[in-house]
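The values are calculated or read from the model by the stated rules, or taken from the named source; none is laboratory data. Here the structure is a predicted model, which means the values were calculated and not measured. Cβ placement follows ideal geometry from the backbone for every residue including glycine, while neighbour counts extend to all protein chains displayed. With ligands, DNA and RNA removed, areas are computed over all heavy atoms of the protein, side chains included. Shrake-Rupley method; radii C 1.70, N 1.55, O 1.52, S 1.80 Å.
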Amino acid sequence: MRSIRAAAVGAVTLSLALAASACGGGSPTGGGSDDSPKTLTYWASNQGASIEVDKKVLQPELDKFEKQTGIEVELEVVPWSDLLNRILTATTSGQGPDVLNIGNTWSASLQATGALLPWDAANFDKIGGRDRFVESALGSTGAKGEDPAAVPLYSMAYALYYNKKMFADAGISKPPATWDELTADGRKLSKDGKWGLGTEGSNPAENIHHAVVFAKQHGADFFTADGKPDFTSDGAVAGVKQFVDLMAKDKVIAPGNAEYAQNQSVSDFAKGRTAMLLWQSASANLKSQGMSEDSYGIAPVPVQSGAPGTGTGVNSMVMGINLAVFKNTDNLDGATKFVKFMTGDAEQKILNEAYSSIPPVKGAQSEQAFNSPANAVLKDTLAKSAVAAPQVPDESQFETAVGTAVKELWADAAAGRPVTTDSVKAALEKAQQQMPTK
């Protein structure tokens with residue numbers, strides 16, 4: 001999922017999540033009904049710089065689909081702050097769209113409601129087959145061993161964006177490959193009112209993405225193999241502490257970043273206030289804020305040592321957007337045709353190029369637009385060193401609980417309060433106690 005517009009994407013109440021059932025889908029306005037089989041409703045997530053930008057990107061493609069099939073698509077672009085709760089409400093009320101975007105980290109949680117159409121072999125065959133999709137993207141479509149609850153639409157990965165001029169002025173010849181190098185470079189760059197690195201400390205979803213990666217780099221997961229929370233292992237505690245120490249101890253992140261939640265760190269980077277940014281597929285966002293592509297470089301997110309790869313060399317979550325269908329849609333045939341259209345090679349090129357994301361469809365990745373040096377970093381990360389979000393039914397609650405715990409640790413760091421192994425462990429223990437009991 002793309003978190004840059006989403007301070008509240010994890011704001012899910014347990015009672016609502018547990019109440020969700022297989023009764024979702026269908027349109028309250030007649031889209032997809034029996035008497036209107038030529039209409040579909042589509043909830044799209046906000047991927048562009050604004051909702052209006054998304055409408056300008058999507059509407060011509062929806063018009064193209066209508067011309068090809070005779071099916072009109074009624075579009076609503078839903079802000080990230082509302083999307084998850086809107087979806088969960090739809091699963092209980094039956095008043096929702098036919099087709100919708102979901103953040104890929106929510107796949108297992110929404111799958112557990114039973115409201116989404118399972119993508120079994122027969123359904124995949126209707127859209128050209130499962131093997132058209134990149135395997136790493138399919139890994140974030142639902143619980144292991146179950147048919148996916150959605151199909152990949154846009155793929156993204158984290159990278160390190162760095163300001164070339166600020167690096168040159170500081171005498172730094174290349175981007176950091178390890179965290180020791182990043183903190184050393186960050187200290188050189190943190191001067192004269194500018195800072196080495198930016199983050200979004202008040203964004204629980206953004207915190208989660210980095211916490212998962214840091215924990216992985218310390219050999220830890222936040223869930224056991226059987227899906228039970230394991231937030232206080234030595235590796236998880238060490239990973240979260242190292243993340244927050246970028247402000248608390250290393251002093252390469254401005255204390256004000258503890259209050260950032262809605263794209264402010266991207267704005268700081270675009271305006272030359274910070275020299276480095278850890279972000280997912282940021283090029284379109286930076287361009288919209290007036291930063292030229294030749295003024296920054298893109299490198300893999302640092303690792304503890306060596307080079308990015310599998311195991312403890314993980315340096316990103318597999319980020320992205322999936323396309324789902326409500327199981328009880330009255331126009332399943334039309335919804336399936338729409339999914340086939342949106343995941344077709346031609347549309348994948350158009351849409352992913354517009355959003356600076358990577359097509360999760362193999363046939364579209366060969367297009368020249370996705371073979372730039374910047375995209376090469378993202379594609380390589382997705383193929384070799386990214387890990388899927390925990391595919392557990394309680395993933396949404398995990399985002400809220402641990403993401404908020406890290407937010408509070410950032411607040412401690414900004415206020416000058418000690419961030420210690422014990423305080424990090426206590427915060428993660430509190431978060432684990434908030435998780436549903438089985």
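For the reader, a short list of remarks on this structure follows.
- Shape class of the range 237-318 from the alpha-carbon gyration tensor: oblate, with a/c at 1.5 or above and b/c at least as large as a/b.
- Considering only GLU408, GLU399, GLU52, the Gaussian network model of the chain with Cα springs below 10 Å gives its largest mean-square fluctuation to GLU52.
- In the chain, the longest principal axis of the Cα atoms and the axis of helix 51-69 are about 30 degrees apart.
- Put a plus charge on the Cβ of each Lys and Arg, a minus charge on the Cβ of each Asp and Glu, and nothing anywhere else: the dipole of the range 89-141 about its Cα centre is then about 60 debye.
- When peptides 134-141, 290-297 are ranked by their average number of other Cβ atoms within 10 Å per residue, the highest-first order is 134-141, 290-297.
- Rg and Dmax, both from the Cα atoms of the range 378-426 and both in Å, are 15.1, 40.
- Computed from Cα positions, the angle between helix 395-415 and the longest principal axis of the chain comes to roughly 30 degrees.
- For the peptides 370-379, 170-179, 204-213, residues were scored by their other Cβ atoms within 10 Å and the scores averaged per peptide; the highest-first order is 204-213, 370-379, 170-179.
- Gyration tensor (alpha-carbon) shape descriptor, the range 282-438, a/c threshold 1.5: oblate
- Length-normalised contact order for the range 104-249 - Cα pairs under 8 Å, 6+ apart - percent: 14 percent
- Segments 386-395, 62-71 sorted - mean Cβ within 10 Å per residue, highest first: 386-395, 62-71
- Loop-located trypsin sites (Lys or Arg not before Pro) in the range 188-259 (DSSP state not H, G, I, E or B) with no more than 11 neighbouring Cβ atoms inside 10 Å: LYS191.
- Förster radius 45 Å - calculated FRET efficiency between SER372 and GLN433 (Cβ-Cβ, nearest 0.05): 0.45
- Bridges between two residues of the chain, per DSSP, are antiparallel at a rate of about 60%.
- Three principal axis extents describe the C-alpha atoms of the range 108-203; from largest down they are 59, 29, 19 Å.
- Taking 7 Å steps out from each Cα toward its Cβ at SER50 and SER93 produces label points 2.7 nm apart.
- Too-long pairs where the Cα-Cα distance tops 26 Å, listed order kept, from LYS216/LYS407; LYS216/LYS271; LYS327/LYS349: LYS216/LYS271; LYS327/LYS349
- With the simple model of a label 7 Å out from the Cα in the direction of the Cβ, GLU181 to ALA299 spans 0.5 nm.
- Principal-axis analysis of the Cα atoms of the chain puts helix 80-93 at an angle of about 40° to the longest axis.
- Rg/Rh for the range 172-310 (Cα atoms only, Rh after Kirkwood) is 0.97.
- Out of every Cα-Cα pair that the range 62-122 contains, those further apart than 19 angstrom amount to 42 percent.
- Within the accessible area of the chain (1.4 Å probe), percent carbon and sulfur: 51 percent
- Accessible area (Å², per residue) of the range 276-430, counting only protein heavy atoms and a probe of 1.4 Å: 36 Å²
- What the Kirkwood sum gives for the chain is a hydrodynamic radius of 21.9 Å, with every pair of different alpha carbons counted.
- Local net charge near SER233, Cβ-Cβ under 10 Å (Lys/Arg +1, Asp/Glu -1): -2
- Full extension of the chain between ALA121 and GLU135 gives 3.5 nm of extra length, using 0.36 nm per residue less the Cα-Cα distance.
- Computed from point charges on the beta carbon alone (+1 for Lys and Arg, -1 for Asp and Glu), the dipole magnitude for the chain about its Cα centre is near 1020 Debye.
- The THR421 and SER173 beta-carbon pair, evaluated with R₀ = 30 Å, returns a calculated FRET efficiency of approximately 0.30.
- Distance violations [Cα-Cα > 32 Å] among LYS251/LYS425; LYS164/LYS430; LYS174/LYS425; LYS340/LYS379: LYS164/LYS430; LYS174/LYS425
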